[in-house]
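Here is the structure we will look at, set down as structure tokens.
The values are calculated or read from the model by the stated rules, or taken from the named source; none is laboratory data. Predicted model, so just to flag it, every value in this text is computed and none were measured. FYI the Cβ positions are ideal-geometry reconstructions off the backbone, even for glycines, and counts take in every protein chain you see. SASA here: full protein model, heavy atoms, side chains in, ligands and nucleic acids out. Shrake-Rupley method; radii C 1.70, N 1.55, O 1.52, S 1.80 Å.
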There are 2 protein chains.
Amino acid sequence: MKYLLLFFLSLSLTINAQSDEDVLKIIYYQTLTNGKSYQWLDYLSNQIGGRLSGSVNAELAVEYTKKELEALGLDKVWLQPVMVPKWVRGTKEYAYIEGASGRTTTVNICALGGSIATNPTGLKANIIEVMNFEQLEELGKEKIEGKIVFYNRPMQPDLIHTFEAYGGCANQRYAGAREAAKYGAAGVIVRSLNLRLDDFPHTGSMSYGDIAPQDRIPAAAISTNDAELLSSMLSLDNNLKFFFRQNCKQFPDVESYNVIGEMTGSEFPNDIIIVGGHLDSWDLGDGSHDDGAGVVQSMDVIRLLKESGIKPKRTIRVVLFMNEENGLRGGRKYAEEARAKGENHIFALESDSGGFTPRGFSFDCSDNNFTQVKAWEPLFKPYLIHYFEKGYGGADINPLKVDGTVLAGLRPDSQRYFDHHHASNDTFEHVNKRELELGAGTMTALVYLFDKYGVNPIMKTKEVKN
Amino acid sequence: MKYLLLFFLSLSLTINAQSDEDVLKIIYYQTLTNGKSYQWLDYLSNQIGGRLSGSVNAELAVEYTKKELEALGLDKVWLQPVMVPKWVRGTKEYAYIEGASGRTTTVNICALGGSIATNPTGLKANIIEVMNFEQLEELGKEKIEGKIVFYNRPMQPDLIHTFEAYGGCANQRYAGAREAAKYGAAGVIVRSLNLRLDDFPHTGSMSYGDIAPQDRIPAAAISTNDAELLSSMLSLDNNLKFFFRQNCKQFPDVESYNVIGEMTGSEFPNDIIIVGGHLDSWDLGDGSHDDGAGVVQSMDVIRLLKESGIKPKRTIRVVLFMNEENGLRGGRKYAEEARAKGENHIFALESDSGGFTPRGFSFDCSDNNFTQVKAWEPLFKPYLIHYFEKGYGGADINPLKVDGTVLAGLRPDSQRYFDHHHASNDTFEHVNKRELELGAGTMTALVYLFDKYGVNPIMKTKEVKN
């Protein structure tokens with residue numbers, strides 16, 4: 001294979017004379033034979049581990065990725081301070097179902113991120129199953145008060161895009177406690193957002209909204225297997241009791257950082273392209289898919305451009321956002337500062353859908369910009385990249401949208417994503433090296449095209465004025 | 001979701017009046033909410049296990065799948081007898097590298113399927129690394145005689161289609177012993193056909209060709225990690241010795257069966273469409289991806305047609321072929337009998353590339369037939385099926401090609417396939433339920449279209465006359 005590498009290296013010396021087809025060949029060759037994303041992910045996952053905002057691990061991840069970006073010889077690497085929430089899970093949660101005879105069945109739960117603790121001795125109450133907020137409202141205070149509400153709406157299995165199925169259920173987790181508290185519930189148990197039946201409870205963020213501190217109730221997720229069990233036991237005996245204990249706690253905000261590295265553009269340094277993922281993760285697994293994968297792929301984009309001999313005309317930044325999971329403070333902070341400085345972000349690419357085989361991108365942009373992008377789709381066909389559709393870019397880059405920046409999200413195959421999402425099995429061994437590398441290569445190819453061709457200024461939906 | 005199911009059931013009563021778009025919706029809904037492939041695979045993998053031709057497990061798999069097909073209420077289920085080779089691995093193989101000091105390093109190997117045993121006390125000899133047959137020829141008898149030949153050509157990592165990378169290396173495994181024996185080698189060790197670096201040796205078939213029995217030499221695969229180790233040790237000391245011991249044995253052929261189930265066509269019963277996978281597997285894992293997945297998907301095609309309310313106009317057969325791995329006797333037998341009976345096979349679909357997310361099909365057919373098929377591609381877009389290309393159909397259906405049958409192979413995502421192929425980690429937990437079910441649905445949709453529209457007779461490259 002050595003001859004092939006030499007061939008490509010010689011190509012890269014004259015990269016500007018190469019066709020886009022040839023440059024993409026070089027990029028994909030580089031990622032599959034000389035990628036670094038898997039090695040970085042190994043460290044992030046196995047040497048650091050879960051990186052919840054405000055934790056020691058999150059700070060270790062900031063240090064590590066900064067050091068690694070510095071080692072790439074970029075033009076500039078810096079930390080952007082941002083205050084983040086600090087929520088700590090505490091000791092492992094414990095829960096059981098108690099039947100009329102007093103016999104108990106232990107079930108797998110985990111506190112939802114942002115939840116309050118139960119009493120130190122736990123909470124035991126009757127439990128009532130609902131499928132949605134409408135049903136909760138129908139039942140009303142009379143049936144709900146003093147009980148634990150069990151939200152059990154499953155993800156819709158026949159949707160091909162599993163993120164749609166997630167979207168159809170996420171409100172139970174995010175707002176379930178807030179809604180149930182209005183009817184005097186004592187706590188909530190939420191079916192894990194998992195398409196598979198298994199024993200892993202899946203955490204994720206929740207919010208009490210404007211519920212006063214004294215009226216807040218504890219919230220936990222239950223594994224899908226145990227949600228099925230609980231539901232079938234309730235169908236036989238609706239007088240069941242449920243016990244759970246958790247001692248999670250919200251601390252005052254702490255300072256953390258977005259990690260940013262930059263290659264300054266040779267011709268249009270004020271045109272900024274960013275590529276990023278989020279450095280924080282939930283605490284149960286090691287955050288390999290969510291979003292270690294996006295972090296290391298974004299780092300490798302900037303490295304693969306260099307390795308492929310591409311000298312960007314525009315400024316390319318890798319941005320590793322802090323606190324996507326439970327606050328989005330990093331994404332908001334980045335956009336605020338960019339706006340304050342009058343920076344012109346022409347394109348932002350996010351990878352936050354797992355490290356699976358890439359299928360394409362969704363683009364959040366004007367029709368004109370989408371026409372430009374769609375014309376590049378055939379270049380990706382040899383790499384089995386076929387999904388170029390309008391859609392959501394990503395949570396961390398979304399705050400840039402109001403400035404007219406073209407946003408895009410990498411769209412990997414999503415069938416296995418929710419098997420791991422926010423659960424203790426979001427771990428390194430479930431990431432395949434080639435799939436991860438193909439994602440990094442695909443992102444690099446798109447960044448290369450945006451760097452080369454830019455975004456037609458008249459196509460930008462809104463110009464940033466400072 | 002119940003209302004949706006009722007809606008579809010009512011639809012299915014008038015399926016012939018439905019658009020193809022609607023029928024595909026029903027099929028995909030059925031596979032993702034009411035599929036049976038995963039349950040069947042669980043039994044095949046976890047209750048039966050690896051199913052090498054001639055083994056007790058292979059016979060159990062014949063019995064089980066016949067019984068399950070019978071339970072589907074098909075028009076006909078039968079066994080087609082076929083004589084198959086019976087090769088038995090025997091006790092676990094053992095191997096080590098021995099340095100000049102006499103210090104030994106144990107390595108992971110497995111006998112290649114069809115290999116002879118070593119002496120009962122094992123074989124120890126100097127070992128010499130080659131990358132291909134050309135290098136073997138250059139070295140010649142003088143350098144090779146009495147030594148163990150170590151074939152270490154890795155799969156090419158930059159190929160997106162991993163089966164191409166496999167094709168580029170498989171001759172080392174299949175013909176490596178035969179070629180090395182010509183130069184008086186004592187045995188061969190072959191780098192596992194695995195793109196990943198890990199500790200699993202991957203077996204697979206090999207052939208001695210016309211080498212006389214007394215001149216045959218034993219052949220084993222070594223894990224990729226140990227191939228790298230051996231190569232690096234050889235680069236420091238080319239006088240290393242290698243020891244391996246295996247007591248595998250070839251027995252006389254035994255009788256086995258293809259398992260066949262049929263729904264007879266209502267309008268054109270003599271137009272036959274088959275869908276199949278191979279029931280045998282290698283013995284190291286449980287054969288979940290290769291080819292338990294193809295077996296249960298093919299069984300589910302015929303069931304999903306029924307569940308979707310589709311009454312085939314043409315005869316649909318599921319064929320579970322025996323002995324794809326080390327003989328292809330089942331595939332050949334099926335085609336022979338079909339030809340002898342003058343059966344008109346218009347279309348044959350095979351699934352033998354793992355139970356991963358389906359990406360499309362490759363079609364082995366005339367340009368005219370391909371034009372017909374290509375027109376169906378947009379129907380599959382909502383299911384992210386995008387790969388409709390000319391290419392190989394599959395080993396078991398290939399013998400039907402000379403009769404002008406249109407052949408197609410399901411093409412799942414291939415990035416992880418060779419992590420598991422023919423190794424002890426080809427096991428049930430590495431198959432994702434949704435990915436498997438999407439494959440079964442995609443196959444069902446294509447069979448539905450071929451049943452509905454047939455193959456234009458003038459497009460058939462050759463008509464079968466009896």
Item to complete: Report the residue of chain B with the smallest Cβ-to-axis distance, using the rotation axis that brings B onto A, in whole Å.
Response: B:His386, 2
Response to the item:
Carbon plus sulfur, as percent of the 1.4 Å-probe accessible area of segment B:90-247, comes to 47 percent
Worksheet item: For the protein assembly as shown, what does the equivalent ellipsoid look like in terms of its semi-axes, each the square root of 5 times an eigenvalue of the Cα gyration tensor, given largest first in whole Å?
Response: 47, 37, 30
Discussion item. Taking a point 7 Å out from Cα toward Cβ as the label site, list the nm distances between B:Glu164 and the same residue in every other copy, smallest first.
Written reply: 3.2
Worksheet item: Angle, helix B:433-453 long axis vs. longest principal axis of chain B, Cα atoms, 0 to 90°, nearest 10?
Response: 50 degrees
Response to the item:
Answer in debye to the nearest 20: the dipole magnitude of the protein assembly as shown about its Cα centre, from +1 Lys/Arg and -1 Asp/Glu charges placed on Cβ, is 20 debye
Response to the item:
Sorted largest first, the Cα spans of segment B:278-427 on the principal axes come out in Å as 41, 41, 32
Worksheet item: Arranged from highest to lowest average of other beta-carbon atoms within 10 Å per residue, in what order do the peptides B:238-245, A:50-57 appear?
Response: A:50-57, B:238-245
Item to complete: Express the accessible area of segment A:283-379 per residue in Å², computed with a 1.4 Å probe while the remaining protein chains stay in the model.
Response: 25 Å²
Worksheet item: How big is the equivalent ellipsoid of segment A:231-285 along its three axes, where each semi-axis is √(5λ) from the Cα gyration tensor, reported in whole Å from largest to smallest?
Response: 51, 18, 8
Discussion item. About the Cα centre, and with charges only on the beta carbon of Lys, Arg (+1) and Asp, Glu (-1), how big is the dipole of segment A:90-247? Nearest 20 debye, please.
Written reply: 460 debye
Practice prompt. Just grab the label-to-label distance for B:Gln250 and A:Gln250, each label 7 Å out from Cα along the Cβ direction, in nm (one decimal).
Written response: 7.3 nm
Worksheet, complete the sentence: Among segment A:279-317, those whose backbone N falls under 12 Å of a label point 7 Å along Cα→Cβ from A:Asp75 are A:311-317
Worksheet entry | Distance violations [Cα-Cα > 21 Å] among B:Lys381/B:Lys452; A:Lys66/A:Lys249; A:Lys333/A:Lys401 | A:Lys66/A:Lys249
Fill in: Folded to 0 to 90 degrees: helix A:56-71 orientation relative to chain A principal axis, Cα
10 degrees
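For segment B:90-247, what ratio Rg/Rh do Cα atoms give with a Kirkwood hydrodynamic radius?
0.94
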Discussion item. Restricting to bridges with both residues inside segment A:78-203, how much of the DSSP beta-bridge set is antiparallel, in percent to the nearest 5?
Written reply: 35 percent
Worksheet item: Considering only the other residues whose Cβ falls under 14 Å of the Cβ of B:Asp237, what net charge follows from Lys and Arg at +1 and Asp and Glu at -1?
Response: 0
Worksheet item: Roughly how much accessible area, to the nearest 100 Å², goes out of reach of solvent when B and A pair up, both sides summed, probe 1.4 Å?
Response: 2800 Å²
Discussion item. Restricting to bridges with both residues inside segment A:260-360, how much of the DSSP beta-bridge set is antiparallel, in percent to the nearest 5?
Written reply: 20 percent
Item to complete: Starting from a label point 7 Å past Cα on the Cβ side, list the distances from B:Leu139 to the same position in the other copies, nm, shortest first.
Response: 7.3
Fill in: Teacher prompt: B:Lys76 distances to equivalent labels in other copies, 7 Å Cα→Cβ, nm
7.7
Fill in: Dipole in debye (nearest 20) - chain B, about Cα centre, beta carbon charges: Lys, Arg +1; Asp, Glu -1
420 debye
Practice prompt. Using only the alpha carbon atoms of chain A, find the Kirkwood hydrodynamic radius as the inverse mean reciprocal pair distance, in angstroms to one decimal.
Written response: 23.1 Å
Worksheet item: According to a simple spin-label model (label point 7 Å from Cα along Cα-to-Cβ), what is the distance in nm between A:Thr106 and B:Ile211?
Response: 5.6 nm
Worksheet entry | For B:Arg314, net neighbour charge (Lys/Arg +1, Asp/Glu -1) across residues whose Cβ lies under 13 Å away | -2
Fill in: Given B:Lys25/B:Lys390; B:Lys92/B:Lys433; B:Lys141/B:Lys241; B:Lys36/B:Lys92, the pairs whose alpha carbons are separated by over 24 Å
B:Lys25/B:Lys390; B:Lys92/B:Lys433; B:Lys36/B:Lys92
Item to complete: Using only Cα atoms, tell me the angle between helix B:329-340 and the longest principal axis of chain B; keep it within 0 to 90° and round to the nearest 10.
Response: 40 degrees
Practice prompt. Calculate, for A:Gln47 and A:Lys381, the FRET efficiency according to 1/(1 + (r/R0)^6) with r their C-beta to C-beta distance and R0 30 Å; round to the nearest 0.05.
Written response: 0.20
Worksheet item: Given B:Thr121, B:Gly102, B:Gln156, which one lies farthest toward the positive end of the charge dipole of segment B:90-247, if we put +1 on the Cβ of every Lys and Arg and -1 on the Cβ of every Asp and Glu?
Response: B:Thr121
Worksheet entry | Reduction of at least 10 Å² in accessible surface, 1.4 Å probe, comparing all protein chains with the chain by itself, residues of segment A:32-80 | A:Leu32, A:Thr33
Item to complete: In nm, give the distance between the simple-model label positions of A:Asp367 and A:Asn119, each being 7 Å from the Cα along the Cα-to-Cβ direction.
Response: 6.2 nm
